[in-house]
1. Would you say Val135 is at pLDDT 90 or above and either over 59 Å from the mean Cα position of the chain (by Cα) or open to solvent by less than 10 Å² (accessible area, probe 1.4 Å) (or both)?
2. Which pairs do you get when a residue that is surrounded by 20 or more Cβ atoms within 10 Å (Cβ to Cβ), found in segment 32-49, comes within reach of a residue that is modelled with pLDDT of 85 or more and charged (D, E, K, R), reach meaning Cβ atoms under 7 angstrom, with the pair 6+ apart or on two chains?
3. Out of all the residues in segment 261-276, which are open to solvent by 40 Å² or more (accessible area, probe 1.4 Å) and in contact (Cβ under 8 Å) with a residue 60 or more places away in the chain?
4. When you go through (1) under 16 Å from Thr762 (Cβ atoms); (2) β-branched (Val, Ile, Thr); (3) open to solvent by 40 Å² or more (accessible area, probe 1.4 Å) one by one for Val791, which number turns out not to apply?
5. Return the pair list, or none, for Cβ contacts closer than 7 Å from residues in segment 281-302 that are under 15 Å from Glu246 (Cα atoms) to residues that are at pLDDT 85 or above and polar (S, T, N, Q), at least 6 apart or on different chains.
6. Do any residues in segment 82-107 that are over 17 Å from Ala143 (Cβ atoms) have Cβ atoms under 9 Å from those of residues that are of a type in the set (Asp, Glu) and surrounded by 24 or more Cβ atoms within 10 Å (Cβ to Cβ), where the two are at least six apart or on different chains, and which pairs are they?
7. Kindly indicate whether Leu640 is closer than 22 Å to Ala726 by Cβ, outside any loop (DSSP other than H, G, I, E, B) and open to solvent by less than 40 Å² (accessible area, probe 1.4 Å).
8. Within the bounds of segment 247-255, is there any residue that is of a type in the set (Gly, Ala, Ser), open to solvent by 10 Å² or more (accessible area, probe 1.4 Å), touching a residue at least 12 places away in the same chain (Cβ under 8 Å) and under 19 Å from Tyr397 (Cα atoms)?
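The values are calculated or read from the model by the stated rules, or taken from the named source; none is laboratory data. Note that this is a predicted model, so its numbers are computed, not measured. Here Cβ is always computed from backbone atoms with ideal geometry, including for glycine, and neighbour counts include all displayed protein chains. Each accessible area value is taken on the protein alone, full model and side chains, heavy atoms only, with ligands, DNA and RNA left out. Shrake-Rupley method; radii C 1.70, N 1.55, O 1.52, S 1.80 Å.
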Amino acid sequence: MPFPSSITTFLTRGSPPRDSHEHILFADQLTEELPRLESSIRNALAENNHDRIAKIVHQLCHDYAYAVHQPHARNGGLIGLAAAAIALGAEVARYLRAIVPPVLACFSDQDARVRYYACESMYNIAKVAKGEILVYFNDVFDALCKLAADTELSVKNGAELLDRLVKDIVSESAATYASILITNEEVVGSENGEREEGAGNGEVQTAFSLPRFIPLLQERIHVLNPFTRTFLVSWITLLDSIPDLELVAYLPSFLGGLLRFLSDPNQDVHTTTKVALDRFLTEIKKISAVKKGIAESRRSKELIRKASNGTQSSDVVLDSPRSATAQGDVTQEQQQQAEEKPTLTTLHDVAPAHRDNAIDEAQSESSLSAGDDEDEKNGTAGFEDEWIPGQDVQIDYQRILDILVTFLSESNEEEIQVTTLKWIESFLDICPEDILVFTPRLLAQVLPALSHDVDLVKQAASRVNTALMSYIMSLPEEPAKTNTTTELPQQNPPASTQQPGASAPTIPALRALRETNGADRQSTTSLPSRIQQPRKPTSPEPISPSMRTPSVKTPEPPPLEETTSEVIAAHTDLDYEAAVNALTLQFLHEHEATRVAALAWLIMLHRKSPRRILAIQDATFPALLKTLSDPAEAVVTRDLLLLSQISKSSDDSYFSSFMVNLLKLFATDRRLLETRGNLIIRQLCLSLSAEKIYRTMADCLEREEGSDIDFASIMVQNLNNNLITAPELADLRKRLRNLDSRDGQTFFTVLFKAWCVNAVATFSLCLLAQAYEQAYHLLQIFAEMEMTVNVLIQIDKLVQLLESPVFTYLRMQLLEPERFPHLYKCLYGLLMLLPQSSAFAALKNRLNSVSAIGYLHIAPSLRGGGAAGGGVGAGSGATGSAVSTFERQNRLKSREDGGIKWAELLEKFKATQERVRRAQQRQLGGAQAEEEESSPRVEKAGVRGERPQSALSFASTGRPSQGGGVGQGKEEGKGHLRQKSSGLRSRFSKKG
């Protein structure tokens, strides 16, 4: 019988203690009986009677600890197992396989007392077993994870004590302790039969294994209980503090859960999670700095050694050629071993060291590189002479970035958005080439965040947006074709002799070179010119394969060149189409800042790579045109700048299509033409050729004037007003004043034909081009036209423009009536067309100020000469006047003979105005029935609807007898205008 009879009687007592008094008695009996159990086990251990010990442990487990419906028996069994573990001492490892499972089973018992005794029993077992308990770490961790949220306070306190003990054991032994009894195969195969890295190469496996623990942590990280979340964060922080475990390498497995913890309402969970995430980010930065420092040190040593040894990097200058060859072979073997070493060693084979010293050690190694020049020359120093903590840690940046971008898009929590943006900003410094893959998704989230209501989110998004744009701007147009063929022969000289299938070892080297691209440029500035020559051709423009080959001294085989180009292009190429699509969607965002940022990105991308943007521009062009209707002026300005850039880099067909679509947009959206028309025209003239814009629009309007005469007239009026007043078109106005050149004559003719749809605009164009005789002929045609309110309003505006600085030259020409006789006729003709109004008074005052000069020269010429050529008199005045008039007449003749055909232009004007008149009659005829049925109030409202607030003053004076004002109806106004026109004709006939 393994147990003494007293112990058996105690453990099998029928009923548990019912009150505190019985609990005290039970504890006293337990204190008396457990020493006997321990003494029995110690005696058996002293006699080396393991069979007896196994029977006692078996009886405690199966007869008592597994007694599901007998809580008192389970409590006794748990206490007995704890006593047995204490008695066994160091030999407990042999029996842990039998002792631990029943204790773990009691953690899930319904009785809180049983759970408490299970915590107490496991505490005693772990205290004795120490490192051996790590073999069952996953099971213990899972039980503690559940007990952290236990409703019973005593159970929770017991679990906390056990948790502290296990944390101490993990901190001391997790990285180095190997089980003394359990074989490597059992440790490796304990989780789903999977083998760990390095299990088959003879390395000793530790009792604790992160690859076995991470799946459990990944499963538990999705809990919602705040106590369990705090428990998990504390363990993550502890494991990360152990240097040789390198928990950061498994960060993608549980990063998503940690980010969710930030939205927990419990302040403790939020604070501890934020601290843990900041710790991980700091650790990633240190690891990246260590790797970049080592790569820079290796590269600088290699380049310095090649500089000292000449063009042959594998030969070393020694006294004996034979020893030099041998030394070169040794150096080559060391380099090959150094390249293979990081892929074979694990994190547990190196001496433990804290990662906080990583930066200092990396800097010290870089500073010692100059002192090792002599050793490098003699081949006595290698690259892997020291090991720096963190240099072998492999971090999956792309998986981490995928998680960050996903949470940035799916979460609305401010803290999560700020944290993810902070990480992304740091990754732009650590691994910017990995972010390129996520740029379209990132833009879709960062740009809306620029308009976030919270300032922290807005500022973080602004920093990320600026950093990402700066990095993409710094990239060459085609990264795969720059700095690739020159760096590879220096990094790996024997690469030219490798087979195509054996080029795998060059891939890590290329990635290292890519990570240290910026640092390498600085490290090579102090080298001799013969080494810097291969790195010289670094143009941002794309380099063709035929241009790359001559710049390299050592030729490379084509298969290797293609492989490296594909590798670098796969990691650094930006998906322009996806990026443009993501940016185009931001045009619909409600906030102005986001829309402006999206257009700024498109402008930058087009400047960087116009060909790629043009290849996908067909899909975004309608969106860009629609954006011209945006209510924000900043958005419209940037949209026009982008459209101008695209037009510059495209052919004429694209520009013509752009102008046609812009006119169609104005035709369909008249409000856009009224509110943004002038801004759009002026901005386009700033970015593109103003003459090209006016030529193209004039051609389009002339071809389409028959379809919509009203729109053509309004559009010509807008173009003409900008031509006269816009500062951006000053050069174009100067060019129009000089019609002696062939191009100027052609340009004037194109504009005149399109301007014919608007009579007043055509007249002002002639004034602008100093074609006063043609303008006078137009006024004669005006006298035969029906003067509408709209025409009078335009004439009123033209008179106001004549007083502006733009027409200063015209007012000065009034002082030379002998040279510009038709100018007087034009201005007096305008005066006769105008009714009594403020514009009439202003023009009259201007003409009265120079009327005496005009009469001195015009009257004799009118009396003595005919009206040949439209009224240019020969005159019998002064000699200078006759000569000037003769020169003017000859100049007009030369224009008509060799350039502008004035008579044809007049006929074009008449025909166009006839079509305008017929179109107006059709409109009036269609509305005649409604006008007859409507009241005078409607007619009055219709007239007022055509006149803006700044219209003629005569319309509000109510004095039709003086100024031909608009009466209460259209018929009265039309009759008065006809009377005015006949009066004008009679006056001009008398003057003639």
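1. no
2. These pairs meet every condition: Ala44/Arg52.
3. Ser263, Lys274
4. (3)
5. Leu281/Ser426; Lys285/Ser426
6. Partner pairs satisfying both residue conditions: Val92/Glu132; Ala93/Glu132.
7. yes
8. yes
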